[in-house]
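Down below is the structure, laid out as structure tokens.
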Amino acid sequence: MKQAEEQYQNLYKLKPEPVTTPEIQGYDFNQGIDYEALLKSYANFGLQASQLSTAIDLVNKMIHWRLGPNEDNDDPNTRCTIFLGYTSNMVSSGNRDIIRYLAQHKMIDAIVTTAGAIEEDLMKCISTFHKGDWQANDKEIRLKAICRIGNIYVPAANYGKLEDWLMPVFQEMYKEQKEKGTIWSPQSMIKRFGERINDERSIYYWCAKNDIPVYCPALTDGAIGDMMFYFNYKYEGFICDILQDVVQLNKKAMYAKKSGLIILGGGVVKHHIMNANIWRNGADWAVFINTGIQYDGSDAGAKPSEGITWGKLRIDAEYVKVFSEATLVFPLLVAQTFAKNFDEAKRV
């Protein structure tokens, strides 16, 4: 042993120091099947399991944080403002029901998402999506009037059903614009959709009921945009003002005592939330779940620390990126945070 130490020091110029971090260790199934213990073991599992454990810890910090009674003489019940962002495929999948749970119990304060995530939630209230096949013959299923999202099948007829439902809502909104001077924004449109769908399976029904704003800066990028295009042929001048939403979202971040981000995927949903947090010199906590890598300069792939350079994350922010497809880990994250701390996480 002494000879090895001398070799390290004299030959390799190394000065070995004891490693004091926890030992890597997995779960022992000889203890039986204990899912709580299994998920706790992720802390020292290594690789992405440990990243997920860190994500769980950070979300629990968002849930537990309260403003102290002597801070700014404000209400000591003031909470962390939690922003949730997700791409449309999350609603295509079973994660729709996980997100609906969070909205139902008012566990989040604002959502940023894409057009597909709005229309597919509404479609699932009207019709159904089905398990498909990654290796499907796409020419054949096109002839069967089936649209494919990975291994999820969407009957093309769903879009016709959505159009039949949506056109009377557009007419109602257009009438209010003409008669009352109402200028709609994506957020106010989505709230009206949630009110009119009147279905407890819907994310946006609960967002409307619980006054959780849903921002969708690219609302026209999908079937809803196609239907607006068609509607405009008969009713010219229907207005959707996105500036209203930018002002609302930025102010929500600006006035947050603490800001926490949970973002599934990248692109517009990630950037829109993070950009809003520039107005408070960055978010305090952030959890990112996606499969992007940094080497193409994409938004999803960017390392979280890159956001510090823009003021999107505070210099002292705590953050983690879980490299995973979100249907694998988001239900586990919610189980160990919002669901486990139900009484504390829900907003009365």
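The values are calculated or read from the model by the stated rules, or taken from the named source; none is laboratory data. Predicted, not measured: the structure shown is a model, and the values here were computed from it. So basically every Cβ, Gly included, is an ideal-geometry build from the backbone, and we count neighbours across all protein chains shown. For accessibility, only protein heavy atoms count, side chains too; no ligands or nucleic acids. Shrake-Rupley method; radii C 1.70, N 1.55, O 1.52, S 1.80 Å.
Highest-first packing order for the peptide set 157-165, 266-274 is 266-274, 157-165, based on the mean count of other beta carbon atoms within 10 Å. For the options Lys124, Lys175, Lys191, a Gaussian network treatment of the chain with springs between C-alpha atoms closer than 10 Å singles out Lys175 as fluctuating the most. Note on segment 128-213: Rg/Rh from C-alpha atoms, Kirkwood Rh, equals 1.11. Projected label points at Ala335 and Asn281, each 7 Å from Cα along the beta carbon direction, are separated by 4.0 nanometres. In the context of the full set of protein chains, the chain has a per residue accessible area of 53 Å² (1.4 Å probe). Annotation: peptides 302-311, 18-27, 199-208, ranked by per-residue average of other Cβ atoms within 10 Å with the highest first, follow the order 199-208, 302-311, 18-27. Here the contact order of the chain, divided by its residue count and restricted to Cα pairs under 8 Å and six or more residues apart, works out to 21 percent.
Annotation: amide H of Trp184 within the under-5 Å range of Ile239, Asp241, sequence separation 5 or more or interchain, hydrogens built in the peptide plane. Here is the list for segment 279-348: trypsin sites (Lys or Arg not before Pro) lying in DSSP coil, each with at most 13 other C-beta atoms within 10 angstrom of its C-beta, are Arg347. Using a Gaussian network model of the chain whose springs link C-alpha atoms within less than 10 Å, name the residue from Gly116, Gly265, Gly237 with the highest mean-square fluctuation. Among Gly116, Gly265, Gly237, the largest mean-square fluctuation in the Gaussian network model of the chain belongs to Gly237.
On full extension, the segment bounded by Arg201 and Lys40 gains 54.9 nm, given 0.36 nm per residue less the C-alpha separation. Taking the inverse of the mean 1/r over every pair of distinct Cα atoms in the chain gives a Kirkwood hydrodynamic radius of 22.4 Å. Charge dipole of the chain (Cα centre as origin; +1 on each Lys and Arg Cβ, -1 on each Asp and Glu Cβ, all else neutral): 320 debye, rounded to the nearest 20. In the chain, taking the dipole from charged Cβ atoms about the Cα centre, the farthest positive-side position among Tyr174, Ser305, Ser88 is held by Tyr174. Look at the dipole of segment 132-268 built from charges on Cβ: of Ala136, Ile263, Phe238, the Cα furthest out on the positive end belongs to Ile263.
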